[in-house]
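These notes concern the structure reproduced below.
The values are calculated or read from the model by the stated rules, or taken from the named source; none is laboratory data. Please read these numbers as outputs of a predicted model, since none were measured by experiment. With ideal geometry, Cβ positions are generated from the backbone for all residues, glycine too; neighbour counts draw on all protein chains shown. Keep in mind that these areas ignore ligands, DNA and RNA; they rest on the heavy atoms of the full protein, side chains included. Shrake-Rupley method; radii C 1.70, N 1.55, O 1.52, S 1.80 Å.
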Amino acid sequence: MTGATPTIGVLSLQGDVREHLVALADAGAAAVPVGTAEQLEAIDALVIPGGESTTMSMLAVRDGLLEPLRAARAQGMPMYGSCAGMIMLADEVLDARPDQETVGGLSMVVRRNAFGRQVDSFETDVDVAGLDGPFPAVFIRAPWVESVGEQVDVLARVTLTAGGGSAVPPGTASGADTIVAVRQGPFVATSFHPELTGDPRFHEMFVRIVRQYA
Ligand code: GLN
């Protein structure tokens with residue numbers, strides 16, 4: 001870390017890498033793509049982007065990155081995962097292929113593609129612990145968090161109310177509070193994509209967490 005500017009990598013196997021690089025730079029970090037174990041060693045923290053977690057898992061195994069990623073996580077490197085990245089940081093994944101691997105780190109059970117089958121994507125404002133005012137949350141074939149261990153802090157939930165409104169994919173249960181953002185020490189994950197909103201507050205919060213753990 002140079003002065004107060006942490007170097008934060010974005011796992012660049014697959015997914016919306018560029019959007020996270022821009023958001024991290026806007027939030028005051030030095031942002032670099034990470035596709036090799038050597039590049040992983042040169043960073044203070046890692047973002048795992050949105051994309052396709054099945055593909056990301058396969059590529060991580062193919063490129064020999066899965067074990068280095070797990071080792072970095074075990075050493076406490078701060079990590080933030082959005083959407084597919086959330087799945088990659090989960091200790092347990094439902095509705096995944098049996099051979100889907102994760103980096104882990106967050107004591108939670110995540111369900112892939114959880115928000116209904118009819119509506120893949122939606123946008124809604126969510127209250128996020130630690131942020132002032134509602135945050136515009138973009139969900140794209142998003143996972144949700146089905147349960148968390150007691151070490152996990154829930155940062156945000158959405159309430160599913162069938163029959164109208166933006167956060168209401170038809171076919172989902174009504175009135176249920178669903179966890180969509182979590183933190184466990186240096187590990188953070190969101191079902192949604194702050195990198196697609198132009199609102200820097202979530203990435204700024206992660207940069208603050210990275211500084212805390214430096
Ligand atoms: N559905 C994707 C998966 O399971 C995640 C979607 C996303 O990252 N936007 O990996």
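Are any of the residues in the range 133-147 modelled with pLDDT of 95 or more, open to solvent by 40 Å² or more (accessible area, probe 1.4 Å), in contact with a Gly (Cβ under 8 Å, 6 or more places away or on another chain) and not aliphatic (A, V, I, L, M)? For the range 133-147, residues modelled with pLDDT of 95 or more, open to solvent by 40 Å² or more (accessible area, probe 1.4 Å), in contact with a Gly (Cβ under 8 Å, 6 or more places away or on another chain) and not aliphatic (A, V, I, L, M): absent.
Conditions (1) within 24 Å of Arg201 (Cα to Cα); (2) within 16 Å of the ligand (Cβ to nearest atom), marked per residue:
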{"site": "Glu101", "(1), (2)": "no, yes"}
{"site": "Arg112", "(1), (2)": "no, yes"}
{"site": "Thr124", "(1), (2)": "yes, yes"}
{"site": "Asp132", "(1), (2)": "yes, no"}
{"site": "Arg141", "(1), (2)": "yes, yes"}
{"site": "Val145", "(1), (2)": "yes, yes"}
{"site": "Asp153", "(1), (2)": "yes, no"}
{"site": "Ala156", "(1), (2)": "yes, no"}
